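The block underneath contains the structure these notes are about, expressed in structure tokens.
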Amino acid sequence: MRTGGSTGAGTLPAVPPYYLTTPIYYVNDAPHVGTAYTTVNADALARWHRLIGDDVFFVTGTDEHGAKIVEAAEAHGTSPQAWTDSTSARFVEAWKRLDISNDDFIRTTEPRHHAVVQEFLQRVYDNGFIELGLYTGLYCVSCEDYYTEEQLVDGKCPIHGRPVVQLQEENYFFRLSAFAQPLLDYYASHRDFVRPTTKRNEALGFIRGGLEDVSITRTSFRWGVPVPWDDGHVFYVWYDALINYLTVASYGSDPARFASLWGAAHHLIGKDILKFHCVWWPAMCMAAGIEPPAEIFVHGYLLMGGQKLGKTMIQAGVAGVGDDARRVRITDVSPLALADEFGVDPLRYHLLRDVPLGGDGDFSYEGIVSRYNADLANNLGNLVSRVATVVHSKCGGVGPAPDAASTLSDRVAEVLTASSEAWSRWAPHEALEATWKLIGAANAELEGTEPWKMPPGPEVDAVLGSALEVLRIVAVLVSPAMPGTAAEIWRRIGIEGDPSAARLPDDAAWGGYPGGVPVVKGEPLFPRRKG
């Protein structure tokens, strides 16, 4: 995991920038499969944009302020800072283990973030969009948000199902109500600002339903960013958290870098935080005199599906339906336990391939096993093993050059076009599906020609060289999803370097496999698993 920004301070990128963010994750929770789903998708998108030559700046991080942190720290007999230091480290460890290639990791307790929050909201205040008032309402500590009586379910928070508290305190309010028409105008002129269309319509529904001014400070606790014009208040956690996207883009400290990055800002978020990002956040940007981000893509929930769970889930504290009657939640499932059982790349592949971004998707142990065996063991792994075996039996272990006239070259061009189009519209599952069609075509070519039955010579060399060329290109195309596997494929077919460092479309042009290099016969990349 890298820790430095991809664009140096005071310099503009020589190639198009692509600034991609995940939401920052609240440190009162541990990393789980749901947060891994968002982060792996964002990482794969960042890796794809690097492949096509964009100057990528990819950021994730942790949200560390608010009443929940104070409560958790007190319950564990420690300070809020010590608690957030230990819990934030769990996310750093998890993302490193899952091969997340972020360029920066932002913590909202960092001094750089405090400075940006104060500068940004001071500007909103100076522009006349923050006013002092008295707020009385029903407050959920878990959400860090207020609710009306009508929004409650059986008198409890509709999200967390826990009791709300009646809270009254003097707050500063952001005049969100002033931005209803500006937001509608912005949505009308920026049709792709929020995607997919269903989520765009949901955000518009919030706006058209009427916007009320929003409380943005608290006086009941001190664990937050102090309000610069009134030191008796700290900023409400959501307003502090959203500004992280500006902090890492050098808002206020490097105008040239900020101007370059902010115009290319793309947020990937879950639908549970749509209102904050798609209504509050663009209004805040307008109030401060800057443009909203370029794009917000909203994905659905990852839902727990199957009835059978593996032993590592149980070891991680998750009991299956057959073991007790409690309902298993996706937040109970540790991505690190799954990575230990299946491998990092198979887990990444499952999250990308089986749950399309945009709608809700099903997660199950059976689903991982099924996809692992069908796509990884039977197709990709089988192709790698089969080619290496026949190269050793027919070519002395030295890979031949590809056949320039192979019909597989046309399939490569088709797959590259389909993959590029899918990645561009946030559809990794379709990009991977297209790549697996190429793997299937290569396997079918081998089954049709049966090179293991041919005598050594030019004919078998042409077949095997073309299969090796497909593997070279496949490794590049799957590198955003499975970077470790891609590198191992290149190593086995005798190519030096890292396929993640390739550049498209040039490095997917037919004929790049050099020939005359040793091919490694190794253990199966993906040994078949029992269900």
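Every number in this text was worked out from the coordinates using simple rules, so none of it is lab data. Since we're looking at a predicted model, the values are computed, not measured. Positions of Cβ are backbone-derived with ideal geometry, glycine not excepted, and every protein chain shown enters the neighbour counts.
Could you sort the peptides 167-180, 241-254 by per-residue average Cβ neighbour count (10 Å cutoff), highest mean leading?
By packing density, highest mean first, the sequence is 241-254, 167-180.
Which FRET efficiency value, to the nearest 0.05, is calculated for Ser253 and His160 with the Förster distance at 45 angstrom and r the Cβ-Cβ distance?
Once rounded, the FRET efficiency stands at 0.75.
Going by a ≥ b ≥ c, the root eigenvalues of the Cα gyration tensor, does region 25-83 fall in the rounded group (a/c under 1.5), the prolate group (a/b larger than b/c) or the oblate group?
prolate
Calculate I(q)/I(0) for the chain by the Debye formula, one identical point scatterer on each C-alpha and no solvent, and give its log10 at q = 0.08, 0.10, 0.12, 0.13 Å⁻¹ to two decimals.
Log-scaled intensity ratios, in q order: -0.57, -0.85, -1.14, -1.29.
Name the residue farthest towards the positive end of the dipole of the chain from the options Ala249, Val70, Leu45, assuming +1 on Cβ of Lys and Arg, -1 on Cβ of Asp and Glu, about the Cα centre.
Of the options given, the answer is Leu45.
What percent do you get for the relative contact order of region 368-518 when only Cα pairs under 8 Å and 6+ apart count?
33
Whole-Hz Karplus ³J(HN,Hα) for region 523-529, in order, using 6.51 cos²θ - 1.76 cosθ + 1.60 and θ = phi - 60°, x for Gly and Pro?
Per residue, the Karplus-derived 3J(HN,Hα) values read 5, x, 4, 9, x, 4, 10 Hz.
If amide H atoms are built 1.01 Å from N in the plane of the peptide, which residues on other chains or at least 5 residues away come under 5 Å of the amide H of Leu20?
When sequence neighbours closer than 5 places are left aside, the close amide H contacts are Phe57, Phe58, Val59, His266.
Taking Cα pairs under 8 Å and at least six residues apart, what relative contact order does region 465-531 come out at, in percent?
33
Tell me, what is the FRET efficiency for Asn378 and Glu496 to the nearest 0.05, using R0 = 22 angstrom and their Cβ-Cβ distance as r?
Calculated value: 0.15.
For Val333, enumerate residues with amide H under 5 Å from its amide H, sequence gap 5+ or separate chain, H modeled in the peptide plane.
Here the answer is Val33, since their amide H atoms fall under 5 Å of that of Val333.
Of the listed peptides 45-54, 188-197, 66-75, what is their order by residue-averaged count of other C-beta atoms within 10 Å, with the highest listed first?
45-54, 66-75, 188-197
If one takes the longest principal axis of the Cα atoms in the chain, at what angle in degrees, from 0 to 90 and to the nearest 10, does the Cα axis of helix 382-394 lie?
Taking the Cα atoms of the chain, the angle to 382-394 is about 30 degrees.
Just how large is the dipole of the chain about the Cα centre, in debye to the nearest 20, putting +1 at every Lys and Arg Cβ and -1 at every Asp and Glu Cβ?
That gives the chain a dipole magnitude of about 1100 debye.
Give me the dipole magnitude in Debye, nearest 20, for region 356-503 about the Cα centre, with unit charges on the beta carbon: positive for Lys and Arg, negative for Asp and Glu.
In debye, rounded to 20, region 356-503 gives about 340.
Does region 17-299 come out rounded, prolate or oblate by the C-alpha gyration tensor, with a ≥ b ≥ c the root eigenvalues, rounded set by a/c under 1.5 and, if not, prolate when a/b is larger than b/c and oblate if not?
Here region 17-299 falls in the rounded category.
Mind listing the long-range amide H neighbours of Phe363? Cut-off is under 5 Å, sequence gap 5 or more, other chains count too, H placed in the peptide plane at 1.01 Å from N.
Leu303, Met304, Gly305
I need the phi-derived Karplus couplings for region 103-118: 6.51 cos²θ - 1.76 cosθ + 1.60, θ = phi - 60°, integer Hz, Gly and Pro marked x.
Those phi angles translate into 8, 8, 9, 9, 10, 6, 8, 6, x, 4, 6, 4, 5, 5, 4, 5 Hz.
Using only the Cα atoms of region 368-518, build the gyration tensor, take square roots of its eigenvalues as a ≥ b ≥ c, and label the shape rounded, prolate or oblate: rounded if a/c is under 1.5, else prolate if a/b is larger than b/c, else oblate.
prolate
Using label points projected 7 Å from each Cα along Cα→Cβ, tell me how many nm separate Ser370 and Glu71, to one decimal.
Here the modelled spin labels are 3.9 nm apart.
Got a sec to turn the phi values of region 57-74 into Karplus ³J(HN,Hα) couplings, 6.51 cos²θ - 1.76 cosθ + 1.60 with θ = phi - 60°, whole Hz, x for Gly and Pro?
10, 10, 10, 9, x, 10, 9, 10, 10, x, 5, 4, 5, 4, 4, 5, 4, 4
In whole Å, what is the distance between the alpha-carbon centres of region 221-249 and region 382-437?
So the two Cα centres are separated by 50 Å.
R0 = 30 Å: FRET efficiency of Glu110 with Glu170, Cβ-based, nearest 0.05?
With a Förster radius of 30 Å, E is 0.60.
Going by average Cβ neighbours within 10 Å, how do the peptides 263-269, 459-465 rank, with the highest at the top?
Packing proxy ranking, top to bottom: 459-465, 263-269.
Residue separation times 0.36 nm, minus the C-alpha to C-alpha distance between Thr148 and His392: what's the value?
That pair, Thr148 and His392, stretches by 80.7 nm at full extension.
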